[in-house]
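**Q** Starting off with a structure, shown below.
The values are calculated or read from the model by the stated rules, or taken from the named source; none is laboratory data. Note that this is a predicted model, so its numbers are computed, not measured. So basically every Cβ, Gly included, is an ideal-geometry build from the backbone, and we count neighbours across all protein chains shown. Please note that ligands, DNA and RNA were not included when accessible areas were found on the heavy atoms of the full protein model with its side chains. Shrake-Rupley method; radii C 1.70, N 1.55, O 1.52, S 1.80 Å.
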Amino acid sequence: MNEVKERGNIIIGALKECVSKEDIEDTFNKYDIPELLQRVDYLNGAMGNPQTFFSSEDIQPETLYEITISMFVAGSWKLAALYEKAGF
């Protein structure tokens, strides 16, 4: 496994343990991830890359990041992962 992919997996694993916006911010700061769109990619990776649809094509990175954090903290992605493990 290459070093970049391994680092990405470590960051995603750390994010999966987060339960608040503060935890998420701390994780991104710890791994020096300042770029909002990269943060969104990591959060989506931690959530199993959900399909997300927006009514506007022109969403600002700040808005996209806040929406993604809200989805993450809501935790419904964890339930979907449990269903998948159970074979549903």
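**Q** Testing the spin-label approximation: label points 7 Å from Cα along Cα→Cβ at Glu6 and Glu22. State their distance in nm.
**A** My value for the distance between the label points is 3.3 nm.
**Q** Another question about this same structure. For the chain, what is the number of Lys pairs with C-alpha distance below 19 angstrom, counting only pairs 8 or more positions apart or on separate chains?
**A** 7
**Q** I want to verify a result. In a Gaussian network model of the chain, Cα cutoff 10 Å, which of these has the top mean-square fluctuation: Asp58, Asp41, Asp26?
**A** Maximum among the listed residues: Asp58.
**Q** Ok, one more. Could you sort Leu15, Leu36, Leu79 by accessible area so the largest value comes first, with the probe set to 1.4 Å?
**A** Putting Leu15, Leu36, Leu79 in descending order of accessible area: Leu79, Leu36, Leu15.
**Q** For the chain, what's the relative contact order in percent, using C-alpha pairs closer than 8 Å and at least 6 residues apart?
**A** On the way: 43 pairs, mean separation 26.6, N = 88.
Taking the mean separation of contacting Cα pairs over the length of the chain, I get 30 percent.
**Q** Per residue, how many Å² of accessible area does the range 1-53 show with a 1.4 Å probe?
**A** Computed with neighbouring chains in place, this is 67 Å² per residue.
**Q** Under a point spin-label approximation (7 Å from Cα along Cα-to-Cβ), what is the Leu79-Asp58 distance to one decimal in nm?
**A** Each label point lies 7 Å from its Cα, and together they span 3.6 nm.
**Q** Summing +1 for each Lys or Arg and -1 for each Asp or Glu, what net charge is found among the other residues whose Cβ lies under 15 Å from the Cβ of Gln60?
**A** With Lys, Arg at +1 and Asp, Glu at -1, the net is -4.
**Q** Viscosity 1.306 mPa s, temperature 10 °C: Stokes-Einstein D of the range 1-70 from its Kirkwood Cα radius, in µm² per second?
**A** Working: Rh = 12.6 Å.
Reported coefficient: 126 µm²/s.
**Q** Let me ask something else. Carbon-plus-sulfur fraction of the accessible area of the chain, 1.4 Å probe, in percent?
**A** Here it works out to 53 percent.
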